[in-house]
1. Return one number: the angle in degrees, 0 to 90 and rounded to the nearest 10, between the long axis of the Cα atoms of helix 333-344 and the longest principal axis of the Cα atoms of the chain.
2. Taking amide H positions as placed in the peptide plane 1.01 Å from N, state which residues far from Trp27 in sequence (5 or more) or on other chains have amide H under 5 Å from it.
3. At q = 0.12 Å⁻¹, what log₁₀ I(q)/I(0) does a Debye calculation on the Cα points of the stretch 184-323 give, no solvent, two decimals?
4. What ranking, highest mean first, results for peptides 307-319, 328-340 when packing means the other Cβ atoms within 10 Å averaged over each residue?
5. Tell me the net charge near Leu39. Cut-off is 12 Å between Cβ atoms, Leu39 excluded, with +1 for each Lys or Arg and -1 for each Asp or Glu.
6. Excluding ligands, DNA and RNA, what is the solvent-accessible area per residue of the stretch 55-151 at a probe of 1.4 Å, expressed in Å²?
7. Let me check I've understood the local charge: for Phe394, count other residues with C-beta under 12 angstrom from its C-beta, Lys and Arg +1, Asp and Glu -1. What total comes out?
8. Under unit Cβ charges (Lys, Arg +1; Asp, Glu -1), what dipole magnitude, rounded to 20 debye, does the chain have relative to its Cα centre?
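The values are calculated or read from the model by the stated rules, or taken from the named source; none is laboratory data. Fair warning: this is a prediction, and the values are worked out from it, not measured in the lab. Please note: Cβ atoms are built from the backbone with ideal geometry, for glycine as well, and neighbour counts cover all protein chains shown. The protein model used for the area step is the full one, side chains on, heavy atoms only, and it has no ligands, DNA or RNA in it. Shrake-Rupley method; radii C 1.70, N 1.55, O 1.52, S 1.80 Å.
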Amino acid sequence: MKITIIGTGYVGLPTGVGFAELGNSVWCVDQDPNKIETLNNGTVTIYEEGLEELFSKNLKSGNIKFTTSMKEGLADTDLIMIAVGTPPHPETQEADMKYIYAAAAEIAEHLSDRYVVIATKSTVPVGTGDEVESIIKSKNPMANFDIVSLPEFLREGFAVFDFFNPDRIVVGSNNEKASNLINKLYLPFDGKTKMHFVSRRSSETIKYASNAFLAMKVHYINEMANFCEKSGANIFEVAEGMGLDSRIGNKFLNPGPGYGGSCFPKDTLAMAHMGRKFDVDLNLIESTIKGNSDRQKQMAKRILNTIKDVKDPTVAVLGLSFKSGTDDCRESPAISIVQELLFLAPSLKIKAFDPKGIPMAKTLLGNKVEYATDSYDALKGADLMAILTEWPEFKSLNLDEAKSCMRKNCIIDLRGMICTDKARDYGFTYYGIGK
Ligand code: UDX
């Protein structure tokens with residue numbers, strides 16, 4: 001079928017490439033002419049494992065096309081997916097719906113009596129489907145369409161894997177015709193995944209409730225890490241023991257500097273705002289938001305504490321992206337920690353390295369830090385190695401070489417990358433978390 005994806009970001013592009021790979025004719029529409037030109041020239045605009053080869057293959061085969069023209073993108077389409085951003089409103093922190101509503105209004109102008117399903121793929125507040133439906137109906141009473149909620153559950157860094165290996169497909173639909181079209185779309189997944197058909201509002205809620213729960217789970221294990229530090233336990237042993245209980249599961253129990261990224265922070269804020277809007281106490285989510293933000297400030301203080309006796313210290317920061325496997329530094333705990341370090345110690349010298357995140361980090365930190373070409377370049381002359389993102393290459397650092405680069409031999413490891421005993425055997429002073 002012909003599918004039109006509105007928005008070619010971290011959700012829209014992998015989704016469009018995935019459906020093209022499954023044999024659909026996919027048009028991706030974006031307002032950014034530079035992005036569309038780059039994509040049409042065959043250059044993928046985000047880093048995702050496995051995306052580039054599928055993107056190039058389907059661009060060459062003509063299964064996927066890119067345009068800034070909504071008219072061109074929507075011509076004879078069967079299914080429209082709205083995958084534009086819903087960032088936190090700068091003042092209220094609620095999900096800013098201006099991009100969703102603008103896309104709905106523009107879509108309305110190009111609809112006719114030819115039936116089309118419009119799916120909200122972006123993470124949208126409960127009730128958005130009703131809003132989008134009324135916007136389109138008022139703009140174009142002749143339009144023949146149904147709105148469904150089709151939330152994405154792609155993890156950054158695993159978007160291609162998650163697209164082809166979904167745990168479930170949640171479909172929020174109030175109409176059998178629309179549900180049948182979505183069923184047809186997912187026929188290639190037949191038997192491999194569960195199709196979960198619910199009401200539109202339930203589908204919209206599932207997305208937020210899932211992300212808020214996962215964020216809470218991450219914050220919980222970070223609170224347990226603090227407890228273990230004081231009680232003499234070892235958080236990695238505790239997390240493993242907890243995860244062996246199938247009711248808990250072993251995922252999202254890795255302690256660290258707190259959660260970040262373009263989803264958990266905004267989705268927890270939006271969920272808390274919806275709680276206040278519906279006059280429901282979402283205390284667990286509210287305290288998760290505060291606790292996670294406080295943790296990044298705590299981690300910055302810990303880093304400064306390890307170099308408090310060093311004259312004119314230099315810190316080598318390893319990791320700037322919000323997690324390994326992605327170039328995305330939006331709401332990255334590593335970036336927040338660096339910003340807090342520079343706020344608390346403006347004269348601190350920081351040399352930073354990240355395998356993929358430096359281009360985006362530069363837009364956030366500018367020249368406040370020095371950017372290194374690799375880990376050892378960052379470590380040159382440094383008094384402290386601060387591991388902030390769990391890139392595998394930091395786990396396999398040559399500690400002999402690292403020691404020879406550094407001025408003082410101190411490691412603070414906020415991701416549990418390096419074994420304490422190994423670090424100490426190489427003569428490092430080692431500070432970890434959760435033990
Ligand atoms: C998340 C959801 O997982 C995904 O389903 C949804 O579609 C989008 O939001 P993403 O934001 O890409 O995906 O990253 P995720 O892998 O969920 O990690 C979120 C944050 O939690 C990251 O900062 C990560 O470092 C942190 N995290 C995750 C931990 O600190 N510990 C963990 O065990 C897992």
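1. It is inclined by approximately 50 degrees.
2. Those lying under 5 Å, H to H, from Trp27 are Ile3, Thr4, Ile5, Lys65.
3. At q = 0.12 Å⁻¹ the computed log10 ratios are -0.67.
4. In descending order of packing, they fall as 328-340, 307-319.
5. Details: positive: Lys35, Lys65; negative: Asp30, Asp32, Glu37, Glu52.
That sum, taken over residues with Cβ under 12 Å, equals -2.
6. I get 41 Å² per residue for this part.
7. Net of charged neighbours comes to -3.
8. On the way: 50 positive and 56 negative charges, 125 e Å.
Rounded to the nearest 20 debye, it is 600 debye.
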